[in-house]
Amino acid sequence: MTPVAIFLYELSGQSAAPFAAAGWDCYCIDIAHERDHQKGNVRFIKADARRWKPSRDMVERCAFFAAFPPCDDLACSGARWFKGKGLHALSDAIELFAVAAEWAEFFEVPYLIENPRSTISTYWRAPDHTFDPCDYSRLAPSEHYTKKTCLWTGGGFVMPPRCPLPGPALANVIRDMKGKGRDRANARSVTPTGFMQAAFNTNFGSLAVAA
């Protein structure tokens, strides 16, 4: 039975790449998708996470769950704008994070929820792990830069050992990224490929699906 990996709030599909390459069926759910579509064995589903429900088949075959809740109204880097955004922005952000946490517990499989350093630590609990993209840059040399990232994990998820390239990592690559508006925000939030490859190798390296 082909394993399934589910990625909530995943627009680019980049986090699914190691799983898809190993033959898993992958589902990337995000309200920002233009439409439902498929690329190889990655299915992109346009849906509001608060109303989305997986099929029975997805639940039965799910072997990994990951979520990347929107951080615009939670990240400490944007704290100076919190008051101007109002309480509804905060409550919506917390609700989306809570949806991710609920699904993570429901599937009873290894999971991770990713966010930058954020106020969710105050509202819920401290992260289980932190990393920078450069910690896994041997697997993705273009990601030899810093961006403190927090992970809330469970279900037996094992944090992969770090494998950085030698030499100092670049700083402010994400902060200084070019672009405007939502396109820039989406590009800044893409999950590092090196880390996701390392996470797959450590937790599921023996679960490649034969062609």
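A few comments on the model shown:
- Backbone N within segment 45-72 under 20 Å of label point (7 Å from TRP124 Cα along the Cβ vector): 47-54, 63-72
- TYR136 sits among other residues whose Cβ lies under 11 Å from its own Cβ, and their net charge, with Lys and Arg +1 and Asp and Glu -1, is -1.
- Here the label points at GLN38 and ALA21, each 7 Å from Cα along the C-beta direction, are separated by 2.2 nm in the simple model.
Any read-out appearing in this document is the output of simple, stated calculations on the displayed coordinates, not a laboratory observation. It should be emphasised that the depicted structure is a prediction, and the values quoted were computed from it without experimental measurement. Cβ sites come from the backbone with ideal geometry, for glycine too, and all protein chains shown count toward neighbours.
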